[in-house]
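Structure, as structure tokens:
The values are calculated or read from the model by the stated rules, or taken from the named source; none is laboratory data. Just so it is clear, the model here is predicted, and its values are computed rather than measured. Here Cβ is always computed from backbone atoms with ideal geometry, including for glycine, and neighbour counts include all displayed protein chains. Surface areas here come from the heavy atoms of the whole protein model, side chains and all, with no ligands, DNA or RNA. Shrake-Rupley method; radii C 1.70, N 1.55, O 1.52, S 1.80 Å.
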Amino acid sequence: MIEVCDLRKEYGGFVAVEGSSFRVDRGEVFGIIGPNGAGKTTTLKALAGLLEPTSGTITIDGKRADSRETRRLLGFLPEESPLYEEMSPRSYLRFFADLYDVPRDVADDRIGRTLDRLELAHRDRALGDMSKGMKRKVAIARSLVNDPDVLIYDEPASGLDPLTTKYIIEFTRELAAEGRTIVFSAHNLYHVEEVCDRIAIMNEGRIVTEGSLPELKSTHGETVYHVFTTVEVPDATAEGDRYRRTVEDMDELDAVREAAIDRGGRLEDVRTVEPSLEGLFLDVASPERPGGEKPPGATEG
Ligand code: ATP
């Protein structure tokens with residue numbers, strides 16, 4: 001179990017993370033999303049024991065995140081993972097397995113199986129000659145050489161084509177199904193929706209909200225209705241040859257219907273607009289965004 005209590009990280013005088021607290025249970029997948037500069041990478045590096053918090057505590061299974069014992073149970077995938085270009089995946093992964101004192105036969109077996117699962121061919125080709133997607137797969141394989149219980153992944157599918165992204169999403173899900181605890185950040189919200197048990201949305205160094213997707217939607221999102229009329233009614237916007245007004249309940253909808261009839265027209269269509277993770281994200285990332293007709297978390301469905 002990962003427990004983060006009042007995490008704060010300053011760089012010089014700049015506060016990158018402030019007052020972050022959350023808990024991730026064993027076997028859970030926890031996603032951290034938020035705009036650029038929100039503090040995701042800083043949080044993940046602190047979780048992986050690579051950054052010393054300015055204050056606050058992080059424990060993994062009751063032990064400090066930066067302890068030697070914890071590091072052995074942990075796999076970290078940085079956002080950018082420069083690899084040793086002249087090495088092959090096999091020699092590179094063996095090198096890391098040696099750092100973890102994994103016996104050679106165990107390491108070779110594990111590396112072979114991981115690369116099989118990741119469908120990585122050309123295992124003896126120089127890393128420098130590999131595509132970005134192949135290199136990312138090798139970096140993921142590196143995070144698994146010590147067979148860790150806890151995985152901390154920073155933007156695992158960043159910059160990859162849709163096919164490789166899908167592959168990595170599925171792979172993340174498999175790792176979770178094996179009972180590993182996973183904390184990851186992503187800008188790809190589909191990845192987060194597909195894989196995470198719980199999600200935290202960060203902004204300006206703080207966790208603004210946290211919960212399962214249904215919880216976030218019900219707490220922060222609001223279902224509204226787009227009502228289309230054949231004539232202009234108050235607060236409606238023209239859309240093609242008809243008009244659209246957003247309402248929140250049936251009373252308002254009836255009022256729009258009557259307004260349309262009064263003006264010699266009629267109500268033509270009603271669409272339910274459910275909250276979405278993207279809408280919630282946009283709402284949190286820019287709470288005062290101008291001209292937002294949609295309520296928090298709403299996208300048309
Ligand atoms: P992105 O989505 O762009 O990767 P992020 O949410 O991961 O962003 P962080 O990388 O954690 O954000 O950065 C949080 C803030 O801290 C940013 O304003 C960043 O400029 C700042 N920051 C990060 N690392 C350092 C550093 N080593 N020195 C000074 N400021 C830093």
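Largest GNM mean-square fluctuation across 184, 30, 95, computed for the chain with C-alpha springs under 10 Å, falls on 95. Per residue, the convex hull around the alpha carbon atoms of the chain comes to 152 Å³. Could you check what % of the DSSP bridge pairs in the chain are antiparallel, to the nearest 5? Once the DSSP bridges in the chain are tallied, antiparallel ones form about 65 percent. Toward the positive end of the charge dipole of the chain, with +1 on the Cβ of Lys and Arg and -1 on the Cβ of Asp and Glu, the farthest Cα among 171, 181, 73 is that of 73. In a simple Cβ point-charge model (Lys, Arg +1; Asp, Glu -1; nothing else charged), the chain has a dipole of about 1280 debye relative to its Cα centre. Between 173, 245, 26, the Gaussian network model of the chain with springs among Cα atoms under 10 angstrom shows the greatest mean-square fluctuation at 245. When only Cα pairs below 8 angstrom with a gap of at least 6 residues are kept, the chain shows a relative contact order of 19 percent. Computed from Cα positions, the angle between helix 104-117 and the longest principal axis of the chain comes to roughly 30 degrees. Computed on protein heavy atoms with a 1.4 Å probe, the accessible areas place 189, 175 in the order 189, 175, largest first.
Report the label-to-label distance for residue 215 and residue 124 in nanometres (one decimal), using points 7 Å from each Cα along the Cα→Cβ vector. Inter-label distance under the simple model: 5.1 nm.
Site pair residue 187 and residue 100 shows an inter-label distance of 2.9 nm when each label is modelled 7 Å from Cα along Cα→Cβ. For the chain, the longest principal axis of the Cα atoms and the long axis of helix 89-99 meet at an angle of about 70 degrees. With all protein chains in place and a 1.4 Å probe, the accessible surface of the chain carries 47 percent carbon and sulfur.
Per residue, the accessible area of the chain comes to 49 Å² when a 1.4 Å probe rolls over the protein heavy atoms.
Applying 1/(1 + (r/R0)^6) with R0 = 22 Å to the Cβ-Cβ distance of residue 23 and residue 68 gives a FRET efficiency near 0.45.
Gap in Å between the Cα centre of segment 1-61 and the Cα centre of segment 139-165? Here the two parts' Cα centres lie 19 Å apart.
Charges were assigned to the Cβ only: +1 to each Lys and Arg, -1 to each Asp and Glu. The resulting dipole of segment 210-263 about its Cα centre is roughly 260 debye. For each pair in 40/137; 63/217; 9/166; 40/217; 45/135; 9/135, compute the distance between the two Cα atoms and list the pairs where it is over 28 Å. In this structure, 63/217; 9/166; 9/135 exceed 28 Å between Cα atoms.
Considering only 44, 118, 144, the Gaussian network model of the chain with Cα springs below 10 Å gives its largest mean-square fluctuation to 118.
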